[in-house]
Each structure stands twice: as structure tokens, then as C-alpha cells.
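Bear in mind these aren't lab numbers, they're just calculated from the coordinates by the rules spelled out. All of these numbers come straight from a predicted model, not from anything done at the bench. Ideal geometry is used to build each Cβ from the backbone, glycine not excepted, and the neighbour counts take in all protein chains shown.
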């Protein structure tokens, strides 16, 4: 039985599934069983989708987005305003902004945020290429769309300082109460920030 | 842009990931990004593991377990007591019992439980093969290791009735307080069942 276990691809599958974000040992077992019980309808289509994605999706050398095209469709879209540059930490944030359909400029994906805790330093982020693009595109405005966390805001301030000598308008997302947010459930920081940034009702 | 989106393997990957148990649209995005950012260290090993599993893992025709061998190593293990048969709803339950290392007999995977809600009827479960195996193995005892849910216990009673004419000892798992369980956090049903089934301390 020991020998058989060594040859068994199941532990390998469980190990690799268990490494995915948000998937623990128990979810890995559930997913593996689901896949193996439905090979035709679930496992093979997933295999094909993963294989296609592996072969075709690449990082946009311009903005850092992930797409089948390099440069990506956002960078090559002639209708977008090339003088507005929205800086995001991660591709997921770019997608979140695209889903909101509220931004028609270009993006720049940093590839993370500065973090003393995780030892992320400026040279590990795509900050040099950001400065290079800002000059090349003659950017009017850099929007720092970073998370409202300590690391996100540290990164925003670091980039704002780097941009200061170039005298480019640099903005950040508004802080406040999220739509549908209930005061009773929000943290004090959000409530006091929203109060400080209160706006006139016309 | 419309044409490009149609050819994009990303939506396909997100769709297939999002169909996995416990994975919603947001986790699917997180997993897809994680995979695409780490092709060499995460995506390719997962692809290989899935491919190996797809090719090599099959359902044991005897007990319903999933393994590279058919019949599976549990069924062919000469050291196991072939006259004890443990009935489980799912392969995950078989694995849970194997992890507990407390059972040395054979298993029988039903492939689900009877459910009025989900329209699962006896002919959709491996009950016929259970009865056939019980006769063939000259089984001494059938242990119904089914979930302590309405569906699990309905299934247990249905099978017990089917086994009654064969006059085979039929048991079920004990109900009671789980190890580490705190009375204050347990539901009333568990507490009253544990009280009714109280045991003498020697």
C-alpha cells in the first residue's frame, strides 16, 4: 500500500489545489472530489480553460494588465484618454475599476504595494516605468487608486512625492461611507473620515 | 474590442473556476490572477496534477472509492476484515474515516443520500450493489456512517429496512457531544441526545 500511495496523483492534486488563495485542505478535498466525479462536465473543461489561459494570456508590457494581447486592449483602445493615468496595485483592482465603467483613461499596475511587513521595497514595484510613462504620455493627471490600508496609502504618498518634481496633478480616490453602508456597522475611522470630508447638499 | 473579448480565454477560465464548490466570482478572480501571475510555480504544476488525476483516477467498481487502482487498495487489502461493511454517502466520508484510522473493514459509497428536496430516489444510489455485496461477502455487520442530518438518517433507516430480511447486524454511528465540544455552543438537539445516551463512568 505504501508504494501505491506514492504513485497516487491524488495527494499531488490536493497539494496543488490547497495552495490556491482561499482554498484550504478541506476545500481542496471538496474541489478534487467534485472534479473527479464530473470529469467530462467539469474537469476536462477546466483543464482546457487553464491550458488556453496558460498559453495565451500574458502581461501587458505597457500597463501590467493581463490579456491575450500585448499591449492589452485598454492600452490600444483609441477612444481612451491617454493623458489620465490610474495607478492600481494589482490587476484585480484594474478589473474592479473597469467593471465600474467609470474611468476612460489608461492604467498602470504596480504589482503590489510597499510593505515594511512583507519587505516590499520601491524597486520591486513598477514605479520607474510609471514615471517613464507619465513623461512619455504627457500625463495630465495621475489618479492613485490604491487600497485605503496603511500599505496602500504609504505607497500613494511615496508615488505622490516622486511625481511632485514633474508638477503633475496627483489625486487619490475619495474616502467615505460605501454605498449601502450603515453607520452602525462601519469602523470609527471611516465614519470620522466621512464626517470630516462632508459635502454640501445642493 | 468586442471581437477580442470573445477570443479571450480569461472569461472562460473565470467561468469554470467559479463553478467549483465553494468558489464564487470573487474567489475565481483571485485564483485566476494567482495562477496567471505564477505560471511556472503554480499554474503548470496544477495543470499536470489535474491531467494526471484525470487520466489515472477512476471509481472503484467494488466500493465506489476513487483511486488509481480499480478495485481500490482498500478493497484489495488482504489485512482488512471483509465481513464488516461501512456505508458512507460520499468518497469524502470514506476518506474522513480512513484518516481516523479507526475502521479496518470495507466500505460502500452510496453516491449521495436520499433527498425529497433534491429529488434523490433510492435507484439513484448504489443500494442494489450494497445488498449484492452484503450477500457475497457474507457480511456480519453493516455500519451506517451517514451524516446526522434529516437526509442522512432517512437514508440510514431506508437501508436498515432493506437489510432487515437478511438478518444482518446493522449499526449507526453514535450521536453525542463532539470531542472538544462546549455545551454552550452546541444545539439543543445534540445536548438532549447526548443526555439521553449518557454512559456510566467506571
For residue A:71, place a label point 7 Å from Cα along the Cα-to-Cβ direction in every copy; what are the distances to the other copies, in nm, shortest first? 6.6
How far apart, in nanometres, would the label points at residue B:70 and residue A:137 be if each is projected 7 angstrom from Cα along the Cα-to-Cβ direction? 5.5
For B:149, B:129, what's the fewest-to-most ordering of other Cβ within 10 Å of each Cβ? B:149, B:129
Please report A:108, B:34, B:157 as a ranked list, fewest other C-beta atoms within 10 angstrom at the top and most at the bottom. B:157, B:34, A:108
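When DSSP assigns beta bridges and you keep just the ones with both residues in the protein assembly as shown, what percent turn out antiparallel, to the nearest 5? Don't skip to the end; give the middle numbers.
Details: 6 of 32 bridges.
Antiparallel bridges make up about 20 percent of those DSSP assigns within the protein assembly as shown.
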Using a Gaussian network for chain A with springs between C-alpha atoms less than 10 Å apart, which of these wobbles most: A:57, A:168, A:31? A:31
Could you order peptides B:36-45, B:192-201 by the average number of other Cβ atoms within 10 Å of their residues, highest first? B:36-45, B:192-201
Using label points projected 7 Å from each Cα along Cα→Cβ, tell me how many nm separate residue A:191 and residue A:157, to one decimal. 2.6
Using Cα springs under 10 Å in a Gaussian network model of chain A, which residue among A:134, A:109, A:150 shows the largest mean-square fluctuation? A:150
Decide, for chain B, between rounded, prolate and oblate: order the square roots of the alpha carbon gyration tensor eigenvalues as a ≥ b ≥ c, take rounded if a/c falls under 1.5, and otherwise choose prolate if a/b is larger than b/c, else oblate. prolate
Taking the simple approach of a point 7 Å from Cα along Cα-to-Cβ for both residue B:116 and residue B:104, what is their distance in nm? 4.3
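Taking Cα pairs under 8 Å and at least six residues apart, what relative contact order does chain B come out at, in percent?
12 percent.
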Near-label residues of region A:164-184 by backbone N, under 20 Å of a point 7 Å along Cα→Cβ of residue A:83: A:164-172
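Specify whether the C-alpha gyration tensor of the protein assembly as shown places it in the rounded, prolate or oblate class, a ≥ b ≥ c being the square roots of the eigenvalues: rounded for a/c under 1.5, otherwise prolate if a/b is larger than b/c and oblate if not. Can you show the working numbers first?
Values: a/c = 2.98, a/b = 2.02, b/c = 1.48.
Because a/c hits 1.5 or more and a/b exceeds b/c, the protein assembly as shown counts as prolate.
If you take every DSSP beta bridge fully contained in chain B, what fraction is antiparallel? Give it as a percent rounded to 5. Provide the component values of the computation, followed by the final result.
Values: 3 of 16 bridges.
Here the share of antiparallel DSSP bridges comes out near 20 percent.
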I need the shape label for region A:105-184. Rule: rounded when a/c is under 1.5, else prolate if a/b > b/c, else oblate, with a, b, c from the alpha carbon gyration tensor. oblate
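Using a 10 Å cut-off around each Cβ of peptide B:57-69, what is the average number of partner chain Cβ atoms that fall inside? Provide the component values of the computation, followed by the final result.
On the way: counts 9, 2, 2, 0, 0, 0, 0, 0, 0, 5, 4, 6, 3.
Counting other chains' Cβ atoms within 10 Å and averaging over B:57-69 gives 2.
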Counting only DSSP beta bridges fully inside region B:55-142, the antiparallel percentage to nearest 5 is 30
Residue mean of other protein chain beta carbons inside 10 Å, B:104-115: 0
With R₀ set to 41 angstrom, the calculated FRET efficiency between the beta-carbons of residue B:169 and residue A:48, to the nearest 0.05, is 0.25
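For A:17-27, what's the mean count of beta carbons from other chains sitting within 10 Å of each residue's beta carbon? If you can, show how the numbers build up before the last one.
Values: counts 6, 0, 6, 11, 7, 9, 7, 1, 0, 2, 5.
Per-residue shielding by partner chains comes out at 5.
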Among B:158, B:185, B:69, the residue with the largest mean-square fluctuation in a Gaussian network model of chain B built from Cα contacts under 10 Å is B:185
